[in-house]
Amino acid sequence: MATFRLQGSKMLAVDMTGDSVRAKNGSMVAYDGRMAFKKLSGGGEGIRGMVTRRITGEQLTVMEVKGQGTCWFADRASEINLVDLRGDKLYVESSNLLCTDAGLRTGTSFTGLRGASQGNGLFTTTVEGHGQAAIMSDGPAVVLRVSRQYPLTVDPGAYVAHQGNLSQSFQSGVTFRTLLGEGGGEAFQIRFEGDGLVYVQPSERNTIAGDV
């Protein structure tokens, strides 16, 4: 199995001995040793959830890297966070997923409706199995614990990922930004209940930012 390690907070090094990983296309910045590269697209087996970010309609392509040596990955100087999966499932925004062990299964999960008046669906990429995944955040991510006594409400523009036994729901109405008189359109928040972890970035992505 490939070994993931951080070199600084914005560079992922992956050591491979005949293994393979899947990474965001264009994210490799250097490699040594002997590597083979393959571009994956079109929603083939194992990468369906990484190809299309349905919230914005963005097309994301993925590359497979296999060989012996070390590859370094980075994307727009984003902070990188390593997540160890031990048979559990990680839910992550597609644009925040940098690299996964090839043995991990990826897919797409329907997470709810984005506003009852429009009826648009929200989809989240899922990663599950045993291995490591590298997720990105705009600024250092904060990992917040959700317990049954303390549910958590998150602005969707700051949401990165979550894992554990959590239920997710959307609340329409006032968001943090509309309280300050910013933004327009139908606003919503994401509410998490149960027991698990939520990864939140200290910056709102412009594509959603809590408004629809």
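Please give me the summed charge of the neighbours of T61: other residues whose Cβ is under 9 Å from its Cβ, Lys and Arg +1, Asp and Glu -1.
Details: positive: K24, K39; negative: none.
Computed value for this residue: +2.
Between K10 and H130, 0.36 nm times their residue separation minus their Cα-Cα distance comes to what? Display every interim value, and only then the final one.
Details: separation 120, 0.36 × 120 = 43.20 nm, distance 2.37 nm.
Length gained, K10 through H130: 40.8 nm.
Put a dot 7 Å past the Cα of R34, heading toward its Cβ, do the same for L144, and the two dots end up 4.9 nm apart.
For an R0 of 30 angstrom, estimate the FRET efficiency from the Cβ-Cβ distance between T153 and D88 and round to the nearest 0.05.
Working: r = 23 Å, r/R0 = 0.77.
Rounded to the nearest 0.05, the efficiency is 0.85.
If you take all other residues with their beta carbon under 14 Å from the beta carbon of R34, and give Lys and Arg +1 and Asp and Glu -1, the sum is -2.
FYI, it's all coordinate maths here, none of it is from the lab. As the structure is a computational prediction, the values presented were derived from the model and not from experiment. FYI the Cβ positions are ideal-geometry reconstructions off the backbone, even for glycines, and counts take in every protein chain you see.
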